[in-house]
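Chemist: Quick one: this structure, given as structure tokens, is what I'll be asking you about.
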Amino acid sequence: MVLGSQRQIGDLLTSRQSRAQAIAFRFCDRVICNSQAAADHLLKQGIRRDKLVVIRNGLSPSAFADATPALPAIPGLLRVGMIARMNLRAKNHLALLKAAARVVSKFPGVEFVLAGDGPLRSELEQEAQSLGLGNHVRFLGDRRDVRAVLASLDLTVLPSSSESLSNSIIESMAAGVPVVANRVGGNAELIDDGRGLLVTEGNDSELATAIESLLRDEGLRKKLGQNAKAYAEANFTIEQMCRSHEELYAGLLERKRWRGKAHH
């Protein structure tokens, strides 16, 4: 058996990389995609539909457990977080900072928390200063306690220009923290239908308005967070992901009439 794996949409590849990948995938028995959006992209590239299998990401049970907040609660302070590495412009941290500048003018009791590190960090810190965010933004750097960071937040934002199936969004859903994200890639497969808010990519005003609507309405935050957590528990566990892979492997091996070594 030859298996391929597609865990991004593919729109960030160069045309040469995209062609090379398509050629490699044609030699595969199956290509496992972690979102329908990724599978649809490969379909447009000429990969046969019967070769494509969608198996979504899964989280360990600990991702759904309660955690002690990494940041202490402060009365009257709401926190908006973004959890993403700072090594890819497609993650679009700048969009969050621009939206934050709009939001803090109406909500002085809000803090934007950026967890993650990378070569773009110093540029982002300078941009935060030039936007006058000052004490309204906090850079946490690289963190290994994502659950504890999520437990400190009232909502998260992911303004990426490209996503297949974002672990950052799924982890936020598992923690019951509502998400605002761009309507790109597989994001709609995660947070549509009352599980979060989707906005138009590249529209800083719409992003700011969505953040403000959640800051203003505690009931809406709670409702979206509960819906998201229930959906994540039902659809994105590591057990489901493993079982789907096992069923795929077993089916392909049976099709190839493979027999394991006999035990004596």
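Readers should treat all values here as calculations from the given coordinates under stated rules, not as data from a laboratory. No experiment lies behind these values; they were computed from the predicted model shown. FYI the Cβ positions are ideal-geometry reconstructions off the backbone, even for glycines, and counts take in every protein chain you see.
Chemist: Considering segment 46-76 alone, what residues qualify as being closer than 26 Å to residue 215 by Cβ, touching a helix residue (DSSP H, G or I) at 6+ places or on another chain (Cβ under 8 Å), of a type in the set (A, V, I, L, M, F, W, C) and part of a loop (DSSP other than H, G, I, E, B)?
Modeler: 67, 70, 71
Chemist: Still on this structure, please answer the following. Which residue, of 74, 47, 83, is on the phi < 0 side of the Ramachandran plot and either surrounded by fewer than 21 Cβ atoms within 10 Å (Cβ to Cβ) or in contact with a Lys or Arg (Cβ under 6 Å, 6 or more places away or on another chain) (or both)?
Modeler: 74
Chemist: Residues being exposed (fewer than 14 other Cβ atoms within 10 Å of the Cβ) and under 25 Å from the mean Cα position of the chain (by Cα): count how many of those fall in segment 16-44.
Modeler: Going through segment 16-44 one residue at a time, the tally reaches 2.
Chemist: Only one of these conditions is not met by residue 153: (1) in a helix (DSSP H, G or I); (2) touching a residue at least 60 places away in the same chain (Cβ under 8 Å). Which number is it?
Modeler: With (1) in a helix (DSSP H, G or I); (2) touching a residue at least 60 places away in the same chain (Cβ under 8 Å) applied to residue 153, the lone miss is (1).
Chemist: Within segment 189-197, identify whether any single residue is under 17 Å from the mean Cα position of the chain (by Cα), β-branched (Val, Ile, Thr) and closer than 16 Å to residue 79 by Cα, and answer yes or no.
Modeler: no
Chemist: Then there is this: Out of all the residues in segment 126-136, is one or more without any contact (Cβ under 8 Å) to a residue 24 or more places away in the chain, of a type in the set (D, E, K, R) and assigned to a helix (DSSP H, G or I)?
Modeler: Checking segment 126-136: not a single residue is without any contact (Cβ under 8 Å) to a residue 24 or more places away in the chain, of a type in the set (D, E, K, R) and assigned to a helix (DSSP H, G or I).
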